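Nothing in this text is a laboratory measurement; each read-out follows from the coordinates by a stated rule. Being a predicted model, the structure only gives us computed values, none of them experimental. Every residue, glycine among them, receives a Cβ derived from its backbone with ideal geometry; neighbour counts consider all protein chains shown.
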Amino acid sequence: MQPNQFKIGGLITRVYPIRHTPSGVTIARFILEHISTQLEAGALCHIKSKIFCVWIKPGPQVIQEGFEVEVSGFISQNAKLQLVLHITEFLNKGN
């Protein structure tokens with residue numbers, strides 16, 4: 001198995017309707033917006049990005065637009081060849 005780990009923090013800017021599998025598993029989908037400044041080759045680089053996230057959600061934890069979160073997981077592509085972050089760890093940063 002090849003490494004595929006991704007960790008990012010940001011603001012939830014859009015939450016899609018919750019879905020449930022036939023077996024009752026809850027699937028949350030949302031857009032996470034990340035804004036930061038990173039050091040690249042000795043120069044500051046201003047970063048602004050959005051990523052589509054999918055979370056097979058355990059229990060009743062609520063997610064809402066405006067939540068500041070830190071998430072980690074693995075990435076894949078959807079049918080439109082866009083990156084999708086499949087969340088394995090979710091930390092609400094105080095909302």
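Take every pair of alpha-carbon atoms less than 8 Å apart whose residues are at least six positions apart; their mean separation over the length of the stretch 1-87 yields a relative contact order of 33 percent. What the Cα convex hull of the stretch 50-89 gives, in volume per residue, is 87 Å³.
Calculation over all alpha carbon pairs of the chain in 5 angstrom steps from 0 returns a P(r) of 3, 12, 22, 24, 19, 12, 6, 2, 1, 0, 0 percent. Note down the nm distance, to one decimal, between modelled labels 7 Å out along Cα→Cβ at Tyr16 and at Met1. Those two pseudo-labels are separated by 2.5 nm. Listed by chain and number, the lysines placed with their C-alpha closer than 23 angstrom to that of Lys93 are Lys7, Lys48, Lys50, Lys57; residues fewer than eight positions away on the same chain are left out. Subtracting the Cα-Cα distance of Leu39 and Leu81 from their residue separation scaled by 0.36 nm leaves 12.3 nm.
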